[in-house]
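Have a look at the structure below before the remarks.
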Amino acid sequence: MKLAYLQALRGVMEAGTVTGAAVRMRRSQPQISRLVSDLERELGFQVFARHKKRLIPTSEGREFYVRSLHILDQLEEIPGIVREITGGSDAFLRIACQSYIAQALLPEALGKFVKTESSLRFSVKIHSRAEMGEAVSIPPYDLAIVALPLDHSLLVRSEPFAIADVVAVLPRDHPLARNQTVKATDLAHEPFIALTSETLLRQEIDRMFSDLGLLLNIRGEASAGIATCQMVAQGLGFTLADPLEAHYVSSEQVAVRELTPRLCFSYGFLWPAMEGPTALTVRFAECVAETARTRDPKHIKIIHPRRESTFGAVN
């Protein structure tokens, strides 16, 4: 199968139109259409349904795209791999993470790291929680940063680096914001901006309130924690959140408070089990951990295992 077929598929999927894909790929519209048609002929099924000059992904097309995307990413890494092998490149890190970590933690960590690694170049790929365990199983990712626990393949190693307490996030002028600690019992009747039910944190929150014999007063839901915190900033209710997400919103708009009873989870690193991490990867991981701690020292506690037990043999 030609690489150009997969590139055309991604171009149309991401741009939404053949015209948009042609602009992105610097090809003509007929060239993109021909590549997509040749791909469908080779696959033996349609990846797009044609409707009034629009291309609509079929269910088979969506599945093929999702399952082949990591292959395309790896193929496009080949020039960089060649440069590294031949010594023609500076320090390079390939990082994978969830969306909220890419927003609330990673930029600051990279900013700190380049102060000591001035020649650093990097690539960041963002995946959903469901994708993360498989996405890291095959190089070219050097390190993934995730919230644990996370199901992953046997080709991936994982290690927690910090314990985080779930925090209560309230509008700045809410009466409960005057307290440094907020009890779950005090929140039961307040309007709650919840994560959607398929998220791990929402399931743990539901379990905690059920164990306490309490029902939450859910005003609205969102699938992203940063979004729920931003809704709190608009006075729509309170939320219970990852502290990184909570501190992504301005402290002038929300109050972040300790929750009791305590509900906690861990942040962790993933890396391909078939490769030991490089010294560069280890140094960056340590920078990420310290950056997470400084974002909220009260609610994020770093785990301090020996370096060799956390990262295995360092290349």
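For the stretch 23-54, which trypsin sites (Lys or Arg not before Pro) are both in a DSSP coil and crowded by at most 15 other Cβ atoms within 10 Å?
Arg26, Lys52, Lys53
Provide the net charge surrounding Ala227, with neighbours chosen by a C-beta distance below 11 Å and charges set as Lys +1, Arg +1, Asp -1, Glu -1.
-2
Quick check for me: using +1 on Lys/Arg Cβ and -1 on Asp/Glu Cβ, what's the dipole size of the stretch 3-76 about its Cα centre, in debye to the nearest 20?
440
Order by neighbour count: Thr185, Thr199, fewest other Cβ atoms within 10 Å first, most last.
Thr185, Thr199
Counting only DSSP beta bridges with both residues in the stretch 167-262, tell me the antiparallel percent, nearest 5.
About 45 percent, rounded to the nearest 5.
Please return the longest stretch of the chain lacking exposed loop sites, where GluC sites (Glu not before Pro) count only if DSSP places them in a loop and at most 13 other Cβ atoms lie within 10 Å. It would help to have the intermediate numbers written out before the result.
Working: sites that count: Glu198, Glu252.
So the longest stretch without any such site is 1-197.
Among all helices in the chain defined by DSSP H, which have a length of 20 Å or more along the axis from Cα atoms plus a Kyte-Doolittle mean of at least 0.0? If you can, show how the numbers build up before the last one.
On the way: long enough: 29-43 (21 Å, -0.64); 59-76 (25 Å, -0.56); 279-295 (25 Å, 0.12).
Sorted by number, the helices that extend far enough and score high enough are 279-295.
Under 18 Å Cα to Cα from Lys183, which lysines show up? Leave out anything in the same chain fewer than 8 places away.
Within the straight-line limit of under 18 Å, Lys183 reaches these lysines: Lys298.
Working only with C-alpha atoms, what are the Rg and Dmax values of the stretch 249-290, expressed in angstrom?
Just the Cα atoms of the stretch 249-290 yield Rg and Dmax of 16.7, 46 Å.
Read the figures in this text as sums done on the coordinates, not as results from a lab. Since this is a predicted model, take the numbers as computed values, not measurements. Neighbour counts are summed over all protein chains in view; Cβ atoms, including those assigned to glycine, are modelled from backbone coordinates with ideal geometry.
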